[in-house]
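The values are calculated or read from the model by the stated rules, or taken from the named source; none is laboratory data. Here the structure is a predicted model, which means the values were calculated and not measured. When we count neighbours, we look across all protein chains shown, and the Cβ atoms used for this are built from the backbone with ideal geometry, even at glycine.
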Amino acid sequence: MFSQSSLFLNKKLSSALLIVATSFLTMSCSDDVGKVSLGVFTTKDIKLNMMVDPIVTGVTCHVASIEADLSFSDPSDSAISCRQTGEITPEMIAGIDMSASGEIVFKKSKSIFFKTMKIRRIFDKENQTLMYVSYSTKETSGSYKHSLSTVPLWGTKAYRKAEPAI
């Protein structure tokens, strides 16, 4: 049914696609700020990335996650730390999603098998705090890996004193 040459061509094409997919997963992004090797006998590293909130530009988040150079799927563990690194204005806060689920401000593929790391911003209006949740979209070892960092608006132009409940 299939000739030797067509089987050889299919194998070549599959290999080429695999190489292209792997290179997309392991490419360095412009947001890379550091890399920590986990040892000589492993292909896994801790990658440190930064992202500036696209709306609240006075907030910068740093994310540490494991990345494996020769793997189709990176581990889901990550840590996030967000800080005020510039001015936060009332106009910025007015431009964000105020719903209980907030909005995704960053996402990164962690696997060719539909696993993604996302960072979602949620505003805690009562406490005047921005919450940034980093999480994996695929269950690992019975749970979804996640991490939380908060940025209080206290001391910024965007801070609004909570009105007393009546």
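Selection within region 12-63: residues that are among the charged types (D, E, K, R) and modelled with pLDDT of 50 or more. The member of this set that is nearest to residue 121 (Cα to Cα) is 53. Does residue 88 meet the test of being modelled with pLDDT of 90 or more, crowded, with 16+ Cβ neighbours inside 10 Å and more than 15 Å from the chain's Cα centre (by Cα)? So residue 88 fits the description; yes. Applying the criterion of at least 3 residues that are at pLDDT below 95 and not acidic (Asp, Glu) to the strands (runs of 3 or more DSSP E) found wholly in region 97-166 leaves 103-109, 116-124, 129-136.
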